[in-house]
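Written out below as structure tokens is the structure these notes cover.
The values are calculated or read from the model by the stated rules, or taken from the named source; none is laboratory data. Note that the structure is predicted; figures quoted are calculated from it, not measured. Cβ atoms come from the backbone with ideal geometry, glycine included; neighbour counts cover every protein chain shown.
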Amino acid sequence: MAFDLNHWYPGNVSFPPVRVADPALVFERLPSLKFTHPLPYGAIVHDDGVQFVVVSRSATAMRVLLYNDVEDRDPYEVIDFDRDLNRWGDIWSVFVPGMVAGQLYHFQADGPFQPDIGQRFDGRARLIDPYAKALAGHYLPPNDGVVRPPKCVVIDDEFDWKGDRHLRRDLAQTVIYEAHVRGYTRSKSSGVAHPGTYLGLIEKIPYLKSLGITAIELMPIHEFPTNDCLGQELERPNFWGYDPMAFFAPHRGYAVSSEPGAQVREFKEMVRAMHQAGIEVILDVVFNHTCEGNEHGPTISFKGLENQVYYMLEDGGKHYKNYSGCGNTLNGNHPIVREMIFNCLRHWVHNYHIDGFRFDLASILSRDREGNLVANPPVVESIAEDPLLADTKIIAEAWDAAGGYQVGTFGCLRWAEWNGRYRDDVRKFWRGDPGMTGPLATRLTGSSDLYQAGGRRPLNSINFITSHDGFTLHDLVSYNEKHNEANGEGNRDGENNNNSCNYGVEGPTRRHEVNAVRYRQVRNFFATLLLSQGVPMIVAGDEFRRTQRGNNNAYCQDNPISWVDWKSQRRNSGLVRFVRSLIAFRKSQPSVRQTNFLTGRPLRPGGLADVSWFAADGGPIDWSVSSSSLVCVLAAAPLSISAPGPHYHLLMCFHGGAHEQEFAIPNAVSGLPWQLFINTAAKPPGDIYPSLDGPEPPLRNRFLLQSHSMVCYVAPDEQ
């Protein structure tokens, strides 16, 4: 109902009519109307109403627009901020008594429109609150030139967490699984009751737990547009979500309920359920650009509040710097934007119990306000040093779209990084490229060339073969070239240098010999990844050979190209068993997840060196000779309270060549009681022995490896 406070509260303050939940509540709390609070930002629910707080230095007037329904084109009431009473420095703050959670709103700001110097205020524009905790509805079609974006929702953060806390799992014990909320269960083959949603993801927790992963890394779940600013379906749907609209709000499209704000509850239910299963939740966050685009894009939030502050501009402010490749670049090291990023991360950790973050195109956060890469950028340091984030994992994609490449040097010791060098070198070795044994050895042991000199550790390296951005693992061994025609960009989009191979046929084939080598390669990649020092990351569905039909940039494919086909899980149950067994082995053996770099020295007097390298014939390796074969002996880690054993030595034989190769067990370790653990050339179930009870090596300790294959033997450590 509408209520006129001026009738009951005379004085020098003018209050417009507002909708209240209970008129009696207003009578009881009238004295509080004299006070406003400049912090925190956003729409904050109090016992007796809601405080609306927004920052703008250059605005000449500010308003809150209130709506009854998501389909309302115009507000039922407009509340003006009083410049004298409702402004604290550059912070505008107004308290609306009697208002409750669920209220829909926009901001609206007057100010200078001088695009040549970067000012883009539009007094008619409906603006999304940068601190909005939820959005509702879609863009509504304009008929008067005014863009009407989704509405903000006032949210009460109360939720029954049932005692849930962060899991605080060490990186050394972490296996990351990258997934897309919608794509993971959208297919009918997923068999869930709520496909494509947070609740649908809950239904897959038993599978995730059985696989053994310890953390799920979700592609962007903060709000992004599903319609264009004219209210029309996007020509190329933003399926991946790398086009942020509201950093503090979970995406409404992944909720089952259409009730405004329901996505907040459902997302929290998902996090709580993951934690109950022992699975951490990591968010992929995009603090490098927004969906407002360049000077031709709509004004729906930041542009209409302080364009000069939120974005990196050039040509005197007329145009936008574009280090993101998406039209604009967030001005991450401006104090106002830095504070927003900082508050946003705290919001997700405190209100949603999030366990970590992966920062998309994180090198942009290393750029100053002029776009120059700088050492110790304030926002990067603040994230690393913040006490509330101390228990979280912080992971950088340490490059951007403008040539900033900082793998090995991003931030401080707290930052882990997606190791793009690991991906490229391991792909090249298994494809059979010459001269890759040395690089493979370096990647297998934690990438000391990238991290050791700076005082970092193997755990700073997030190792991966594939990610959402590029081929799936199945497609990596099935296509020489990308096939992105379905994206509608003439196959010009997507990465051209994939280090992939089709092994004789482009795409699907019935040729047995081609399919056999492809299957070996898939297992080679998994075995290498999960036996490497560092932190492994697997892409959802790779463990059962999900395909995108050769599309290596499926950002706009909200269809079976991107949706996980769960029939593949049943068809490839042997591979799932292989991956599950590898993960279990990794979790039980600290020797493959060391916290410090290996030294090549014995772990104890008279014992094996922590790592030893040999040629295929068992003799010393000559790193200067180009070879496609490598033998690695990894000594068992000492017993400890946290890892009581039994522990095993590993003998790993890698052969990336196109022809079979004889290997010999080195004399130095030939007397150990080796038993086969992995043979990627064998058919299931003989490709892996989860109980570590496989056959002994052949007589004379010599054996042939097929092209593109590996074996791993294990021997118990008799300490």
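One table, with the values for the structure above:
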read-out	value
Residue list for the range 302-330, restricted to those being within 20 Å of residue 224 (Cβ to Cβ) and either hydroxyl-bearing (Ser, Thr, Tyr) or part of a loop (DSSP other than H, G, I, E, B) (or both)	302, 310, 311, 320, 322, 323, 324, 325, 326, 327, 328, 329
In the range 509-563, the residues that are hydrophobic (A, V, I, L, M, F, W, C), in a loop (DSSP other than H, G, I, E, B) and out of contact with any Lys or Arg (no Cβ under 9 Å at 6 or more places or on another chain)	554
Residue selected from the range 215-246 under the condition modelled with pLDDT of 90 or more, out of contact with any strand residue (DSSP E or B) (no Cβ under 8 Å at 6 or more places or on another chain) and of a type in the set (A, V, I, L, M, F, W, C), by the criterion farthest from residue 538 (Cα to Cα)	224
Any hit, the range 278-289, residues being surrounded by fewer than 20 Cβ atoms within 10 Å (Cβ to Cβ), closer than 24 Å to residue 176 by Cα and either in contact (Cβ under 8 Å) with a residue 40 or more places away in the chain or among the β-branched types (Val, Ile, Thr) (or both)	yes
Some residue of the range 342-364 being in contact with an Asp or Glu (Cβ under 9 Å, 6 or more places away or on another chain), surrounded by fewer than 22 Cβ atoms within 10 Å (Cβ to Cβ), in contact (Cβ under 8 Å) with a residue 40 or more places away in the chain and over 28 Å from residue 157 (Cα atoms)	no
Residue match in the range 145-152 (condition: within 25 Å of the chain's Cα centre (by Cα) and not in a strand (DSSP E or B))	yes
Matching residues, the range 427-459, being of a type in the set (S, T, N, Q) and in a loop (DSSP other than H, G, I, E, B)	445, 447, 452
Members of the range 582-597 found to be part of a loop (DSSP other than H, G, I, E, B) and surrounded by fewer than 20 Cβ atoms within 10 Å (Cβ to Cβ), listed by number	595, 596, 597
Per-region count, the range 37-59, residues without any contact (Cβ under 8 Å) to a residue 60 or more places away in the chain and over 13 Å from residue 154 (Cα atoms)	5
Pairs, first among the polar types (S, T, N, Q) in the range 645-664, second in a loop (DSSP other than H, G, I, E, B), C-beta under 6 Å, six or more apart	661/616
Condition met for residue 459 (buried (at least 20 other Cβ atoms within 10 Å of the Cβ) and under 24 Å from the mean Cα position of the chain (by Cα))	yes
Positions within the range 243-274 being touching a residue at least 24 places away in the same chain (Cβ under 8 Å), charged (D, E, K, R) and farther than 13 Å from residue 353 by Cβ, in sequence order	243, 252, 265, 266
In the range 500-519, the residues that are within 16 Å of residue 546 (Cα to Cα) and either surrounded by fewer than 16 Cβ atoms within 10 Å (Cβ to Cβ) or out of contact with any helix residue (DSSP H, G or I) (no Cβ under 9 Å at 6 or more places or on another chain) (or both)	507, 508, 509, 515
First in the range 615-631 and closer than 20 Å to residue 712 by Cβ, second anywhere and surrounded by fewer than 12 Cβ atoms within 10 Å (Cβ to Cβ), Cβ under 6 Å, 6 or more apart	none
Options 391, 424; residue that is part of a helix (DSSP H, G or I) and surrounded by fewer than 19 Cβ atoms within 10 Å (Cβ to Cβ)	424
Single unsatisfied condition, residue 86 versus (1) under 23 Å from residue 143 (Cβ atoms); (2) in contact with a Phe, Trp or Tyr (Cβ under 7 Å, 6 or more places away or on another chain)	(1)
Some residue of the range 545-568 being closer than 25 Å to residue 278 by Cα and without any contact (Cβ under 8 Å) to a residue 60 or more places away in the chain	no
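Condition check ((1) in contact (Cβ under 8 Å) with a residue 60 or more places away in the chain; (2) on the phi < 0 side of the Ramachandran plot; (3) assigned by TED's automatic domain parsing to the domain that holds residue 76; (4) not in a loop (DSSP other than H, G, I, E, B)) across all residues:
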position: 94; (1), (2), (3), (4): no, yes, yes, yes
position: 102; (1), (2), (3), (4): yes, no, yes, no
position: 124; (1), (2), (3), (4): no, yes, no, no
position: 138; (1), (2), (3), (4): yes, yes, no, no
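Condition check ((1) out of contact with any Lys or Arg (no Cβ under 9 Å at 6 or more places or on another chain); (2) under 28 Å from residue 621 (Cα atoms)) across all residues:
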position	(1), (2)
397	no, no
427	yes, yes
431	yes, yes
440	no, yes
457	yes, yes
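Rundown of residues vs (1) farther than 30 Å from residue 550 by Cα; (2) assigned by TED's automatic domain parsing to the domain that holds residue 651; (3) not polar (S, T, N, Q), yes/no style:
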| position | (1), (2), (3) |
| --- | --- |
| 437 | no, no, no |
| 449 | yes, no, yes |
| 460 | yes, no, no |
| 475 | no, no, yes |
